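Please read the structure below before turning to the comments.
The values are calculated or read from the model by the stated rules, or taken from the named source; none is laboratory data. Bear in mind the structure is a predicted one, so any value in this text is a computation, not a measurement. Glycine also receives a Cβ, built like all others from the backbone with ideal geometry; neighbour counts cover every protein chain displayed. Areas reflect the complete protein model, heavy atoms only, side chains present, ligands, DNA and RNA absent. Shrake-Rupley method; radii C 1.70, N 1.55, O 1.52, S 1.80 Å.
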Amino acid sequence: MTRSTTGRIALGLGAVFMAATLLTACSEGADDGDVVDQGTSTEENAAEGDTVVIGWSGPAADHGWLGAINSGAIAAADSFGDVDLRVAEGTNDVTAQIAAIETFINDEVDAIVLLPSDGAALTEVAIKAMQAGIPVINVDREFSSPFAARATVLGDNYGMGVSAGTYICEQLGDTPDAVVAEIAGIDSLPLTQDRSDGFKDALDDCGLEVSNRVAADFTVQGGEAATSQLLSAAPKIDAIWNHDDDQGIGVLAAIDAAGRDEFFMVGGAGSQNAMEAIEADDSVLKATIVYPSTQAADGIALARLIAQGKTVGDLVTPSVPNRIVLDAPVITKENVGDFIDLAFES
């Protein structure tokens, strides 16, 4: 053993000993209140503080989910008496969105909440805001650098696939030769790839696989066209996962037109149309997987806490987490009532 290796081991053992000693001291010398009362409480967070100016920028609301993202951000800001929200016009033009962030920086806002039209393209201006001392909360589409955001709020695309696959496994687990179909979104997008990967992995766990797969484009028309193609190619299907409830309107139209009902379908995202259909239980749609449209609203709430030097009230750690990945629950007839108020309109 070399001298440097021996030194590293000694240092490592010393660090373990010190950590153990400190943990023991803390356990012996601190009462329960010291352990759990580290940051601001829920009541302190709810109380109005100094007014904070928050800039909000998102893509054009050309999709039901994006519309809900925008309206959710505004509603969240309105719910706080100490938030002054500056809203940039929604756009899918990268140059226009960069200009909006530049304006927020020049106006010296207290925080920026940003759902970028293109995460990589907006990274540089987000870093510029951070370097100017303005915390940036990144929503949904990640930047390409960890230095571009103080906090990131994400939906769980891979988890959506896992949830959909797990639900289908539960329904078809005793049918090893079941035909499972998948109607994806835009295949070139990482989010679609993540959803498909999670779906495949969950099916693998119960011995099933995707037998037929098509990709649409998150639109009603695209969903209808892709589903017509799928149904023509697959004379028998046991279950379908459709990635997106907006395109699901077209998916269901194609299914109705073909007169097919031998399978059940799982949707994705959590639209009001989908949840109402699940509640009514009068179609092949039996479940949907939530991709939260509350991400921007959560971003506004976090921006307020960060700008006011507050913390997440129910956590012991005295700071706001750097990364929050929201859940992807399965919505069925049994629990739809718990989620329908958070559904978005297609």
Looking at the stretch 136-148, can you tell me whether even one residue there is of a type in the set (F, W, Y) and over 19 Å from the mean Cα position of the chain (by Cα)? yes
Among the residues of the stretch 295-335, which ones are modelled with pLDDT under 95 and among the hydroxyl-bearing types (S, T, Y)? T311, T317, S319
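Quick check on I300: is it over 17 Å from the mean Cα position of the chain (by Cα), assigned to a helix (DSSP H, G or I) and in contact (Cβ under 8 Å) with a residue 12 or more places away in the chain?
Values: over 17 Å from the mean Cα position of the chain (by Cα): no; assigned to a helix (DSSP H, G or I): yes; in contact (Cβ under 8 Å) with a residue 12 or more places away in the chain: yes.
Spelling it out, it is not the case that I300 is over 17 Å from the mean Cα position of the chain (by Cα), assigned to a helix (DSSP H, G or I) and in contact (Cβ under 8 Å) with a residue 12 or more places away in the chain.
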Within the stretch 151-168, the count of residues that are open to solvent by 20 Å² or more (accessible area, probe 1.4 Å) and either more than 17 Å from the chain's Cα centre (by Cα) or under 17 Å from Q97 (Cα atoms) (or both) comes to 2
For the stretch 303-339, name all the residues that are over 19 Å from the mean Cα position of the chain (by Cα), farther than 28 Å from H243 by Cβ and in a loop (DSSP other than H, G, I, E, B). Q308, G309, K310, T311, G313, D314, L315, V316, T317, P318, S319
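Consider the stretch 257-276. How many of its residues are more than 25 Å from L189 (Cα to Cα) and in a helix (DSSP H, G or I)? Give the steps one after another, and end with the answer.
Taking the stretch 257-276 as the starting set, the residues that turn out to be more than 25 Å from L189 (Cα to Cα) are 257-264, 275-276.
Restricting the remaining residues to those that are in a helix (DSSP H, G or I) gives 257-258, 275-276.
Qualifying residue count for the region: 4.
State which residue is surrounded by the most Cβ atoms within 10 Å (Cβ to Cβ) when the search covers only the stretch 169-193 and only residues that are closer than 29 Å to V136 by Cβ and without any contact (Cβ under 8 Å) to a residue 60 or more places away in the chain.
Our first condition is that a residue be closer than 29 Å to V136 by Cβ; within the stretch 169-193, this holds for 185-186, 188-193.
So of that shortlist, the ones also without any contact (Cβ under 8 Å) to a residue 60 or more places away in the chain come out as 186, 188-193.
Values: I186: 17, S188: 8, L189: 15, P190: 11, L191: 17, T192: 20, Q193: 17.
That would be T192.
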Find all pairs meeting these conditions: Cβ atoms under 9 angstrom apart; at least six residues apart or on different chains; first residue within the stretch 326-346 and surrounded by fewer than 17 Cβ atoms within 10 Å (Cβ to Cβ) and polar (S, T, N, Q); second residue at pLDDT 95 or above and in a helix (DSSP H, G or I). T332/Y167; T332/I278
Whichever residue in the stretch 85-125 is among the small types (G, A, S), over 17 Å from G67 (Cα atoms) and buried (at least 19 other Cβ atoms within 10 Å of the Cβ) and, among such residues, is modelled with the lowest pLDDT: G119
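Would you point out which residue out of S283, S271 is hydroxyl-bearing (S, T, Y) and open to solvent by less than 30 Å² (accessible area, probe 1.4 Å)? It would help to see each step written out before you state the result.
Working: S283 fails: open to solvent by less than 30 Å² (accessible area, probe 1.4 Å).
None of the other options fit; the residue is S271.
Please return the ranges of helices (runs of 4 or more DSSP H) entirely within the stretch 43-144 where 3 or more residues are touching a strand residue (DSSP E or B) at 6+ places or on another chain (Cβ under 9 Å) and closer than 19 Å to A269 by Cβ. First the steps, then the outcome.
Values: elements: 64-78, 94-106, 119-131.
Per the criteria, 64-78.
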Unmet criterion (only one of (1) assigned to a strand (DSSP E or B); (2) within 24 Å of S117 (Cβ to Cβ)) for S293: (1)
Here is a list of conditions, (1) within 27 Å of W65 (Cα to Cα); (2) open to solvent by less than 50 Å² (accessible area, probe 1.4 Å), and C206 meets all of them except one; can you say which number that is? (1)
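In the stretch 63-84, what residues are small (G, A, S) and open to solvent by less than 30 Å² (accessible area, probe 1.4 Å)?
G64, G67, A68, G72, A73, A76, A77
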